[in-house]
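Report on one structure; see the data block that follows.
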Amino acid sequence: MTPYRRCVPSLAPLIPHVVSVVVLCIVFASISYVGSAFSRTEAPDFVTFVMSGLSRTVNAQDTQSPTQGLVRKGKVPVSNEILKIKLPKLSEATLPNGLRILVLEDHRLPQIAFQLLVPGAGGYLDPADQPGLAGFTATLMREGTPTRTSSQIARELEIMAATLNVSAGSSPEAIVSGSCLSEHAARLIDLAADVLLHPSFPDEEVARFKQRTRGTLAQQRANANFLAAEMFSQAVYGEHPAARIGPTQAALDRLKRDDLVEFHRAHYLPDRAVLAIAGDVSMLQARLVAQAKLGGWAKPAASTAMLVPEPAPVETSKMYFVGRPGSVQTTFIVGSQAIERTSPDYDVLEVMNKIVGGGPMGRLFLHLREEKGYTYGASSALDARQHRGDWSASTNVRTDVTEPALRDLLEELRQIREVPVGDQELADAKRSMIASFALSLESPAQLLNLALTQWRYKLPADYWERYAERVMAVTKEQIQAAARQYLAQDRLQIVVVGDPTRALEPLQKLGPVDVYDTNGQRIDARK
Amino acid sequence: MVRAAIHRLFPAAVIAALTGASLAAVTAPTVKFTDTKLNNGLRVIISEDHVAPVFSVVLVYNVGSRDERIGRTGFAHLFEHMMFKGSDNVGPGEHFYTIFANGGTMNGTTNKERTVYFETMPANQLDAALFLEADRMRSLAIIKENLDNQRNAVQEERRLRLDNQPYGRADEAMDELAFDNFAYKHSVIGSMSDLNAASVEDVAAFFKTYYAPNNAIIAIAGDVNSAATLERVRRHFESIPSQPSPPAVEIGQPAQDKERRLTVDDPLARLARIDIGYRIPSSLSADNDTFDVLTEILAGGRSGRFYEHIVREKQLALSVRAFAGNSRGPRLLGIEATLAPGTALDKLEEAIYSDIDGVKAGPIADAEIEKARNVTRRRFMGSLATSLSLARTMAEDALYYGDPGRINTRWERLSKFSAADVQRVAREYLIPGNRTVVITQPRPAGGAATGGAR
C-alpha cells in the first residue's frame, strides 16, 4: 500500500485478477474518449540521471541531464515545504461474535462506502483439486438467498443506485464491498448481510454462471497483459496459490452446488473479519446496524488459525515467451520474488521502486518512453503481502524494438544494482511519496485503505504517523543493497508476450527461452 | 464551502426520504464559485473549499479532433503530448516531474470536442501549478526532436489501446461508417500515416490558433482563497496575447436514410461482437438528460432490460452496454454486445431490437425512472467528491453549455425525467433507418494460430 496515487487509466485493459460481480455499472460517456498522455503503466529513467535544482536558487548548473527524457531548468516556483498533515482518527469496536468494526466519519457528502474483509475465504484457500472455488463461491453468493432471487437482489440494489460486490481473488481474503447514498445505508447492509450469511446457490444460477464464465475465460486469453500476468505469476510463485490469477476451464466444468455450499460454510467466519465503513455515518449507527444484521453470524467453536505459506524461493533466472499471433506489440513483465509486507526492507524497496518505475518520474518511463519513444508507458510495482510477494517492471513496446527495449529495461536494473542513486533523485522520490499524503485527505476510501493495511498486517498503531520519518531515513546504500539482493540477475523472471514470428527470435539471442501458446501449452522451443 | 453546504442540506434529504416526500422537496445544494473573464479572453472559474489541504487546476482548451483537417487526423491528441515537452522556462518532462515530485498528480486527455489538462497538488503549490500551465500556454517549445519522440509514444498508445486489443477497430469503424461529417467521422487517436505526416509547422500553427487564452477556460477548486487566486491567475496569464478566434467547426451532415452495416475481421478476438450506433441530437439538445435515462433503462446494471433479458434469460451475450457520449455536434447512442459462445449473432441482434421496441411500446415502470434518478444523484455526488472532479465538471460545463453553474441545476432537472419523454426519443431516434451496425468476427491469425474458443 503506497500513498502514491496512480494515474487512472482511461481505457486500460481490464485484467481479471479476481472474479467479481459489478452490480451497478455506471457507464461514463466514452465513445470518443481517447485518452491520456499517461496511463496505467507508469515509469522510470536512467542511470547517469543527474538531477538538480530542487530549489530555484540552485538551478543553473544542471540544465542538462544525460537522458533526454528530462531536463530541469529549475525555474518553477515550488514551495520547499512539505505540508504537515494529520490523518483523521478512526473509531473501532468489536461485536460479541468477534467481528471488528472500523468507522471513518466523513459527513461532507450523504453517502457511504464499506468493505467487509473475510480472511480465510480467499483464493489461497481453494482446495488443491478445485482452483477457483473461492472465486466461484464469492461471485455466486449474490445469486440468491432463501428470500431473494438473483433478479430481486439486482433490482433492490440498483433502484438505490447502490453497489454490492463479493470477490475472492489471488489472496487469503474474500471481500464484500458496497456503496450507497447514506439514506439507503441500512437497506444496503441488510442486503449485504443476507448475501453474506444466507446464500442459497440455486442450481439454475450455477448453470447460468458456468455458461457465462466459459465465455469470459475465453475472452481474457485474447488480452496480452492477462497472458503476461498469468505466466509471470506462475514463474514467480510456482506451486504457491499466489500463482493462480484466475480459474481454469476444467475447474469450472467440475463445479457443483455442494462445493459452493461447503466452501461458504467452512470459510465465511466472523472471528477474523473486519467491517470498515467510511462516509456519512457514526460509530453508533454502524454498531447498531452491524449488530442487528451481522450479530447472528455464528462464531466458530474454536478460533480458526490461518497460515499463509511462503512460496518456494525461485533460485534461477528464466525467460518465458507466450506466442500471440497477430500481436503488434511485445509485452514484458520482468521481476522476482521479493518481500512480505512486514519485512524490514519494505520502506527501502518502496523508495527504490519509486526511483526505478513508480510513475512518470521513474527511470523506466523517462528512459523507455520520454527518451527512446519505444512505448506509451513503462513502470514497476512492489506487491508485498502476508507472504513474500514480488517486484516487477512492465511495459508494452512495438514489435520491432523488442530486443533493444528489453536490453534497456535490464540495463536499468543493472544500474540500480551497481550505481548509487543521486542525492537529488533520492530526495525527489521521498518528497513525492510523503507530500502526496495530503491528497489522500480528499478520499475517505483511500484513508480507509490505509487503516485496513495496518489492520491486515498487524502494523503498529502509529505506523502511518511515522511513515514520513521512516521514508526520510532510507539511504542510497540501503537502496543499492536491496536492489542487489532482490533484483539480482539470477533471480529475475523474464516474461514476454508477442508475435511468434517476430518477437521470439530476438529473445533467443539473449538466452534459452521456454515457449508457450496463448492457451498456456508448452511448445517445443528447439524446432 | 461547497461540501459544508451539502452537509447542512443533508438532514433535510434524510427526512424527505424517511417520510416519503418527493425528491423535488429537497433543496438543491449550491456550489459557490466566481466566474471572471480576463482581458485576453481567458475565462477563470474559482471555487473555494477548505475541506482538505489540496487544490486542483483544470485547463480546458476548446480544441479536439473535430478541429482537425483532412490528412492530419490524430493531431489534437499528438499535440496534447507535446504540451509536456517543455516551454521557455520549463524543460522537457519537467512539467510532470515537478508535479509528481511535489506530491501531486496530473494528466491530460483529448476527445473529439476538447483537450483537458489537470493537476491536483498540496495546497502550498498553487504558484507552481499556475506557472507550469501559463508557461506552456505562452511559450511551448516546438522542435522536431520532441515531435518525433511523442509521435512514437502516441503510435504506441494507438497500438496499446486499439491495434493490439481485441475489438480495437470497432469504435473507429463505427464512427467512420455512421457519420458523414469529417469532423466527427475520424478517430481521436488518428491514423498511423497521418501521425507520420504531422510536421513542426503544423504544430506551430495549431498552437497559435487553438492554445490562445481566448480559446481556454481555467477552473481552480479546493483549498485556495478566491480573491488572491484570481490575482495570481492574472499575474501568470493575463499578459499572454489573445488570437483571432479559430474557424468554426462544420458540424452539419445529411440525414441518414437507411441502415448501414459492416463486418470487420479481428485476428485477436475470440468471440464475435456487435456494435450498434443510432444517430441522436447533440448534448446541447433539450433531450440530453432523457438519453441518459434511456440508456439506464436499457443497460443500467443487472436490473437493466438488456442484462435481464439477453444476458440472463436468453444467455445470448456475455454483456450488453449502452452509452451516449458528450458532443456539441453529431453523436451516437451506442450499444455494444459480446456474443456468448455457441449462440447466433442474428438472434442476439434481434433480442436487442426487441428490447428497444419494448421501451417504445411501454410501459416503463416507476422503479426504472427512480433508478435513473438515483444513478444521477450518485453521479452528482461523485462530481462533488474531490476538487478535481468539481473543477473538471465546472470547466467542461462552461465549455459545452456556457454555464459553469449548471451543476447547481442538476437536481431540478433530474426531478423532471418522465417515461413519456423516454418513449418519445426512443420512437424518434432508435429506428432502423437511423442506425449503423458493425460486426466484429474473430478470424484466426495465420499458420501459427493455436485454436481456442470461437
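Having 3 or more residues that are out of contact with any Lys or Arg (no Cβ under 9 Å at 6 or more places or on another chain) and hydrophobic (A, V, I, L, M, F, W, C) is the bar; report the helices (runs of 4 or more DSSP H) wholly within segment A:438-525 that clear it.
Numbers: elements: A:444-456, A:467-473, A:476-486, A:504-508.
By residue number, A:444-456, A:476-486.
For (1) surrounded by 22 or more Cβ atoms within 10 Å (Cβ to Cβ); (2) small (G, A, S), each residue gets a yes or a no:
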{"residue": "A:A228", "(1), (2)": "yes, yes"}
{"residue": "A:G238", "(1), (2)": "no, yes"}
{"residue": "A:D253", "(1), (2)": "no, no"}
{"residue": "A:K293", "(1), (2)": "no, no"}
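Table: residues versus (1) at pLDDT 95 or above; (2) over 30 Å from B:Q256 (Cβ atoms); (3) surrounded by 20 or more Cβ atoms within 10 Å (Cβ to Cβ); (4) at the interface with another protein chain (Cβ under 9 Å from one of its Cβ atoms).
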| position | (1), (2), (3), (4) |
| --- | --- |
| B:G304 | yes, no, yes, yes |
| B:V320 | yes, no, yes, no |
| B:G334 | yes, no, yes, yes |
| B:E349 | yes, no, no, no |
| B:N374 | no, yes, yes, yes |
| B:T393 | yes, yes, yes, no |
| B:R410 | no, yes, no, no |
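Any residue in segment A:236-253 that is within 30 Å of A:L487 (Cβ to Cβ) sitting within a Cβ distance under 6 Å of a residue that is charged (D, E, K, R) and surrounded by 20 or more Cβ atoms within 10 Å (Cβ to Cβ)? List the pairs, counting only those 6 or more apart or interchain.
A:V236/A:D390; A:I245/A:E230
Mind checking which residues of segment B:362-372 are crowded, with 16+ Cβ neighbours inside 10 Å and either modelled with pLDDT under 90 or assigned to a loop (DSSP other than H, G, I, E, B) (or both)?
Answer for segment B:362-372, where residues must be crowded, with 16+ Cβ neighbours inside 10 Å and either modelled with pLDDT under 90 or assigned to a loop (DSSP other than H, G, I, E, B) (or both): just B:I364.
So that you can scan it fast, the table gives a plain yes or no per residue for (1) at pLDDT below 95; (2) within 14 Å of another protein chain (Cβ to nearest Cβ):
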residue: B:P404; (1), (2): no, no
residue: B:S418; (1), (2): yes, no
residue: B:V425; (1), (2): no, no
residue: B:E428; (1), (2): no, no
residue: B:G433; (1), (2): no, no
residue: B:V437; (1), (2): no, no
residue: B:T440; (1), (2): no, yes
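If you scan segment B:268-285, which residues turn out to be assigned to a strand (DSSP E or B), hydrophobic (A, V, I, L, M, F, W, C) and either assigned by TED's automatic domain parsing to the domain that holds B:E172 or under 25 Å from B:D163 (Cα atoms) (or both)? Please lay out each step first, then the result.
Looking only at segment B:268-285, we keep the residues that are assigned to a strand (DSSP E or B), and these are B:273-280.
Filter once more, so that each one left must be hydrophobic (A, V, I, L, M, F, W, C): B:274, B:276, B:280.
Within segment B:268-285, B:I274, B:I276 meet the criteria.
Considering only segment A:308-361, state which residues are surrounded by 24 or more Cβ atoms within 10 Å (Cβ to Cβ), within 11 Å of chain B (Cβ to nearest Cβ) and at negative phi.
Selection gives A:V322, A:R324, A:S327, A:Q329, A:T330, A:T331, A:K354, A:G358, A:P360, A:M361.
Mind checking which residues of segment B:395-406 are assigned to a helix (DSSP H, G or I) and of a type outside the set (A, V, I, L, M, F, W, C)? First the steps, then the outcome.
Of the residues in segment B:395-406, the ones assigned to a helix (DSSP H, G or I) are B:395-401, B:404-406.
Of everything in segment B:395-406, those that are assigned to a helix (DSSP H, G or I) and of a type outside the set (A, V, I, L, M, F, W, C) turn out to be B:E396, B:D397, B:Y400, B:Y401, B:P404, B:G405, B:R406.
Go over the candidates A:R212, A:R257, A:R272 one by one and state the one that is under 23 Å from A:G144 (Cβ atoms) and crowded, with 18+ Cβ neighbours inside 10 Å.
Working: A:R257 fails: crowded, with 18+ Cβ neighbours inside 10 Å; A:R272 fails: under 23 Å from A:G144 (Cβ atoms).
Checking each option against the conditions leaves just A:R212.
Scanning for something in the same structural domain as B:I276 (by TED's automatic domain parsing), of a type in the set (D, E), touching a Ser or Thr at 6+ places or on another chain (Cβ under 9 Å) and within 18 Å of B:E308 (Cα to Cα), does segment B:349-366 turn up at least one residue?
Applying the first criterion (in the same structural domain as B:I276 (by TED's automatic domain parsing)) to segment B:349-366 yields B:349-366.
With the extra rule that they be of a type in the set (D, E), the set shrinks to B:349-350, B:355, B:357, B:366.
If we keep only those that are touching a Ser or Thr at 6+ places or on another chain (Cβ under 9 Å) too, we end up with none.
No.
How many residues are modelled with pLDDT of 95 or more and either in contact with a Pro (Cβ under 6 Å, 6 or more places away or on another chain) or farther than 30 Å from A:R324 by Cβ (or both) if we restrict to segment B:264-282?
Residues flagged as modelled with pLDDT of 95 or more and either in contact with a Pro (Cβ under 6 Å, 6 or more places away or on another chain) or farther than 30 Å from A:R324 by Cβ (or both) within segment B:264-282 amount to 5.
Do the conditions hold for B:P122, that is, is it more than 18 Å from the chain's Cα centre (by Cα), crowded, with 23+ Cβ neighbours inside 10 Å and under 30 Å from B:L230 (Cβ atoms)? If you could, list the steps in order and put the result at the bottom.
Working: more than 18 Å from the chain's Cα centre (by Cα): yes; crowded, with 23+ Cβ neighbours inside 10 Å: yes; under 30 Å from B:L230 (Cβ atoms): yes.
Yes: the conditions hold for B:P122.
Within segment A:326-342, can one find any residue that is in contact with a Pro (Cβ under 9 Å, 6 or more places away or on another chain), of a type outside the set (S, T, N, Q) and either outside any strand (DSSP E or B) or outside the structural domain of A:Y237 (by TED's automatic domain parsing) (or both)?
For segment A:326-342, residues in contact with a Pro (Cβ under 9 Å, 6 or more places away or on another chain), of a type outside the set (S, T, N, Q) and either outside any strand (DSSP E or B) or outside the structural domain of A:Y237 (by TED's automatic domain parsing) (or both): present.
Going through segment A:360-392 one residue at a time, which ones are in a loop (DSSP other than H, G, I, E, B) and not polar (S, T, N, Q)?
Filtering segment A:360-392 down to residues in a loop (DSSP other than H, G, I, E, B) leaves A:360-362, A:372-374, A:384, A:386-389.
The answer is A:P360, A:M361, A:G362, A:K372, A:G373, A:Y374, A:A384, A:H387, A:R388, A:G389.
Restricting to segment A:201-247, and then to whatever is under 21 Å from the mean Cα position of the chain (by Cα) and of a type in the set (S, T, Y), can you tell me which residue is nearest to the other protein chains (Cβ to nearest Cβ)?
A:T216
Results for (1) assigned to a helix (DSSP H, G or I); (2) in contact with a Pro (Cβ under 9 Å, 6 or more places away or on another chain); (3) assigned by TED's automatic domain parsing to the domain that holds B:V188; (4) surrounded by 24 or more Cβ atoms within 10 Å (Cβ to Cβ), shown as yes or no for each residue.
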site	(1), (2), (3), (4)
B:R66	yes, no, yes, yes
B:H81	yes, no, yes, no
B:F84	no, yes, yes, yes
B:K112	no, no, yes, yes
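How many residues does segment B:407-436 contain that are farther than 23 Å from B:E396 by Cα and in a helix (DSSP H, G or I)?
Residues flagged as farther than 23 Å from B:E396 by Cα and in a helix (DSSP H, G or I) within segment B:407-436 amount to 14.
Tell me, yes or no, whether segment A:235-254 has at least one residue that is under 30 Å from A:K89 (Cβ atoms), modelled with pLDDT under 95 and acidic (D, E).
Of segment A:235-254, the ones under 30 Å from A:K89 (Cβ atoms) are none.
No, every residue in segment A:235-254 fails to be under 30 Å from A:K89 (Cβ atoms), modelled with pLDDT under 95 and acidic (D, E).
State the number of residues belonging to segment A:343-359 that are part of a helix (DSSP H, G or I), farther than 22 Å from B:N102 by Cβ and not aliphatic (A, V, I, L, M). Show your work before the answer.
Looking only at segment A:343-359, we keep the residues that are part of a helix (DSSP H, G or I), and these are A:346-357.
When the remaining residues are screened for being farther than 22 Å from B:N102 by Cβ, the result is A:346, A:348-349.
Filter again for not aliphatic (A, V, I, L, M), leaving A:346.
Qualifying residue count, segment A:343-359: 1.
Can you report the number of residues in segment A:248-270 which are within 28 Å of A:P96 (Cβ to Cβ), outside any helix (DSSP H, G or I) and more than 24 Å from the chain's Cα centre (by Cα)?
Of the residues in that region, 2 qualify.
(1) part of a loop (DSSP other than H, G, I, E, B); (2) among the aliphatic types (A, V, I, L, M); (3) free of Cβ contacts under 8 Å to residues at least 40 places away in the same chain: which one isn't true of B:M106, the others all being true?
(1)
For B:D357, work out the one condition from (1) within 22 Å of B:F417 (Cβ to Cβ); (2) within 12 Å of chain A (Cβ to nearest Cβ); (3) not aliphatic (A, V, I, L, M) it doesn't fulfil.
With (1) within 22 Å of B:F417 (Cβ to Cβ); (2) within 12 Å of chain A (Cβ to nearest Cβ); (3) not aliphatic (A, V, I, L, M) applied to B:D357, the lone miss is (2).
Which one is surrounded by the fewest Cβ atoms within 10 Å (Cβ to Cβ) among residues in segment B:45-62 that are within 14 Å of another protein chain (Cβ to nearest Cβ), of a type outside the set (S, T, Y) and closer than 22 Å to A:P88 by Cβ?
My answer is B:H50.
For segment B:86-103, which residues satisfy the criterion of being at the interface with chain A (Cβ under 7 Å from one of its Cβ atoms) and either under 25 Å from the mean Cα position of the chain (by Cα) or in a helix (DSSP H, G or I) (or both)?
B:E94, B:F96, B:Y97, B:T98, B:F100, B:A101
Exactly one condition in (1) over 21 Å from A:I112 (Cα atoms); (2) crowded, with 21+ Cβ neighbours inside 10 Å is not met by A:Q152; state its number.
(2)
The values are calculated or read from the model by the stated rules, or taken from the named source; none is laboratory data. Model, not experiment: these values are computed from the prediction. Quick reminder, even Gly has a Cβ in these numbers, built from the backbone with ideal geometry, and neighbours come from all protein chains shown.
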